[in-house]
Each structure stands twice: as structure tokens, then as C-alpha cells.
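In what follows, a single structure is set out as C-alpha cells and then discussed.
The values are calculated or read from the model by the stated rules, or taken from the named source; none is laboratory data. What you see is a predicted model, and the numbers here were worked out from it, not measured in a lab. Reconstructed Cβ throughout: ideal geometry from the backbone, glycine too, with neighbour counts over all protein chains shown. Heads up: the accessible areas ignore ligands, DNA and RNA and are worked out on the full protein's heavy atoms, side chains in. Shrake-Rupley method; radii C 1.70, N 1.55, O 1.52, S 1.80 Å.
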Amino acid sequence: MFKTLPSIDNFQTAPTFSTPRIFVLRLKPLDKGKEVALLVEREERLSRHEGEVTEASLSFHYQVVSDEVLSRQHEGGEFSASYDAWILGRPHVRLTSTSIAEGGYCVVDPDWLAGRGLGTFFMNEIVRWVQQWPEAHVMPVKLLASDAQRDNKRRRNRFYENFGLAFEYEDERRVAGQSAPMLSRELTPLTEEKQQALGNKLEVCSLNRYLSEHAQEKEALELERRGLKGQLDTSSHDLERAYSNPFRWAITTAVSKFVRGY
């Protein structure tokens with residue numbers, strides 16, 4: 001009996017993730033553009049001692065596999081998080097790096113993908129993952145003034161605040177600072193309403209469905225190509241006849257048009 005490959009199977013033994021390990025993320029078109037497809041792989045690493053998880057890391061690696069601009073294909077980026085049960089004498093999680101000891105912040109690479117819901121989608125998966133350890137302390141997320149250019153400041157701040165993070169800003173401009181102390185259980189995954197709104201920007205698609213759709217599209221294009229080739233061959237044959245015997249071709253064409261009534 002056929003069974004779906006484990007890496008692209010939607011079945012989950014625990015509610016930690018809402019996606020399979022390998023999937024396609026389809027970003028809805030902007031204006032009159034085309035959709036952008038990203039191939040995504042989730043990588044999770046766990047270290048245990050006497051049955052308990054002592055260290056863990058999570059990464060979502062993504063790569064552009066379909067875009068109207070060929071030079072953009074194969075571009076990509078990463079979102080990551082980590083957990084450590086013993087650092088600073090108590091459990092901690094970090095929302096922005098696979099290393100609990102290193103800082104970091106979320107950034108959408110390449111930058112032309114910004115504003116399409118990508119960061120919100122991955123951060124929601126990360127927040128759900130770290131809430132396996134509800135009493136873990138959240139390592140500070142730092143906001144840099146260099147990342148607060150033009151409209152980006154409001155979008156950046158709102159992005160983190162959507163997940164329950166509160167910030168201690170350096171001044172009233174709210175361009176730099178770091179998140180206030182909090183526990184993992186105090187983070188807030190997206191509500192159903194916000195997930196529905198996010199669905200207007202992107203869609204999770206299984207890899208086998210995506211490949212099946214492209215195979216069908218390729219088959220349809222091949223049938224269209226054959227039809228156009230047949231028309232071209234017929235036209236080429238008619239053109240050769242016209243060159244070889246223009247008088248006969250003209251008489252034949254005139255008679256044919258008369259019979260058809262135009």
C-alpha cells in the first residue's frame with residue numbers, strides 16, 4: 001500500500017506544528033504580479049538527559065522556487081529559535097536564533113519578500129514550539145535603530161507585539177530597545193481571526209500537491225504546444241506550395257474561400 005513520505009506527511013503526533021517537515025508556502029500575488037512559491041524545510045534538534053529535553057533548536061529554511069523574475073529564484077532565508085534548560089540556572093527560550101547564548105532578531109530575506117506575511121507565519125510556528133516549555137524565560141529580543149527606517153519601525157514593532165512581547169524602549173521615538181522579561185506561556189500565538197487574515201497573504205501547500213499541479217500544468221502546455229506545432233506545420237506546408245506554384249495556390253485558395261462562403 002502506498003504511503004506518503006514522512007517528510008511531506010501532514011500527520012502530526014503532537015500539536016507542536018501545523019505543517020509537515022517539508023512543504024511549499026505560496027505567497028499570494030501583489031497587484032498584477034504572480035504568486036511566489038517558497039520551498040520550506042523545518043529542522044528540529046533535541047538533546048535529552050534521562051528522558052528530559054535539555055537543549056533544543058528549531059529552524060525553518062526557505063528558498064524561492066517560483067517567481068516571475070528568474071534571477072530571484074534560489075534566494076531564501078531562515079527563521080530559528082532555541083531552548084536551554086540550564087542556562088543562567090533556569091530554562092530559557094530564544095525566539096530569534098538556534099543558539100540560546102547569541103542574540104538576534106527576525107528579518108525577512110530577501111527584502112523584496114517583506115510585508116507578505118512571511119515573518120508572521122514563521123514566528124507563529126516558533127511561538128507554538130517554545131510553549132512546550134511554558135515556564136521558560138524568554139531571552140530578550142533587541143530592536144536596533146538601524147532597522148527602524150521609514151515605515152519599517154511601525155511594522156517591526158507591531159510584528160513582535162502581535163505575539164505578546166512588550167518592549168522597554170530607549171526613548172519615546174520607539175526605535176530602539178529590548179523586550180521586557182516574560183515567560184514562554186505569556187506569549188500569544190495568532191488568534192483564529194488573525195490566521196484567517198494571514199490566509200489572504202499566503203497559503204501552505206503540501207509538496208506532493210504542488211508538484212502534481214505543476215505536472216498537470218506542464219501536460220496542458222505540452223498539448224497546447226503540439227496543437228500550435230500542428231498549425232505551424234500546416235501553414236509551412238501551405239507556404240511551400242504557394243512558393244512552388246503561386247498560380248495554382250492562388251486559384252486553389254480562391255476556390256476554397258468561395259466554397260466556404262468568405
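Can you compute the FRET efficiency between Ser47 and Ser71 using 1/(1 + (r/R0)^6), with r the Cβ-Cβ distance and R0 = 51 Å? Round to the nearest 0.05. Calculated transfer efficiency: 0.80. Taken one residue at a time, the phi angles of the range 44-55 give Karplus couplings (6.51, -1.76, 1.60, θ = phi - 60°) of 10, 10, 10, 10, 10, 9, 6, x, 9, 6, 9, 9 Hz. Gly and Pro are set to x. As a rough guide to protection, the peptides 153-165, 183-195 ranked by mean Cβ packing within 10 Å, highest first, stand as 153-165, 183-195.
Listed peptides 59-69, 222-232, 208-218 appear in the order 59-69, 208-218, 222-232 once ranked by packing, highest mean of other Cβ atoms within 10 Å at the front.
Projected onto their three principal axes, the Cα atoms of the range 111-262 cover extents of 91, 35, 26 Å, largest first. Counting lysine pairs in the chain that sit 8 or more residues apart in sequence, or on different chains, and whose Cα atoms lie under 23 Å apart gives 11. Placing unit charges on each Cβ (+1 for Lys and Arg, -1 for Asp and Glu) gives the chain a dipole about its Cα centre, and among His214, Ala56, Ala85 the Cα reaching farthest toward its positive end belongs to His214.
Label-to-label distance, His137 versus Ser212, with points set 7 angstrom from Cα along the beta-carbon direction: 5.0 nm.
For the range 77-128, the square roots a ≥ b ≥ c of the C-alpha gyration tensor eigenvalues yield an a/c of 1.5 or more together with a/b exceeding b/c, which makes the shape prolate. The residues of the range 62-113 present an accessible area of 51 Å² per residue when probed at 1.4 Å with all protein chains retained.
Rounded to the nearest 20 debye, the dipole size of the chain about its Cα centre is 1080 debye, using +1 on the Cβ of Lys and Arg and -1 on the Cβ of Asp and Glu. Between the range 183-223 and the range 69-84, what is the C-alpha centre distance in whole Å? A separation of 17 Å, based on Cα centres. Global dimensions of the range 30-89 from alpha-carbon coordinates: Rg and Dmax equal 17.7, 56 Å.
In order along the range 101-111, the Karplus-derived 3J(HN,Hα) couplings, from 6.51 cos²θ - 1.76 cosθ + 1.60 at θ = phi - 60°, round to 8, 9, x, x, 8, 7, 9, 8, 10, x, 5 Hz, and Gly and Pro are given as x.
So I have (1) 21.4; (2) 18.7; (3) 22.3, and one of them is Kirkwood radius over Cα pairs in Å calculated from this model. Which one is it? The value computed from this structure is option (3).
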